[in-house]
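Here's the structure we're looking at; comments come further down.
Throughout, read-outs are computed from the coordinates displayed, never taken from laboratory work. Being a predicted model, the structure only gives us computed values, none of them experimental. All Cβ positions, even for glycine, are placed from backbone atoms using ideal geometry, and neighbour counts span all protein chains on display.
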Amino acid sequence: MAVSYRVVWTRGTGEVLDTPPEKKGLQHSLNNPLAALLAELQLLEMEDLQPDHRESVERALTLTRRLIQIVRERVPPHQI
């Protein structure tokens, strides 16, 4: 009788990962924090901001989107 085991990893949130984080690849490791940063900036953009603050948020959004595009174009996805 064969016995098999499933090893899972969790991030402090209890989210179950089928693959350990170190095996996900550089693109995955960069995309997650960039997506979180983009979401936070988009929420901030919806606030009633002073003109100079709005300009800074818009610049940060533009640069974050540019960085996401660079990662998608130049960093190879992890191949299993």
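Tally Lys and Arg at +1 and Asp and Glu at -1 over the other residues with C-beta under 14 Å from the C-beta of residue 53: what net charge comes out?
-4
Any number yet on Rg/Rh for segment 21-74, C-alpha, Kirkwood?
That ratio equals 1.09.
Provide the net charge surrounding residue 41, with neighbours chosen by a C-beta distance below 14 Å and charges set as Lys +1, Arg +1, Asp -1, Glu -1. Present the calculation step by step, with values, prior to reporting the outcome.
Numbers: positive: 54, 59, 65, 66; negative: 40, 45, 47, 55, 58.
Spelling it out: positives minus negatives among the neighbours equals -1.
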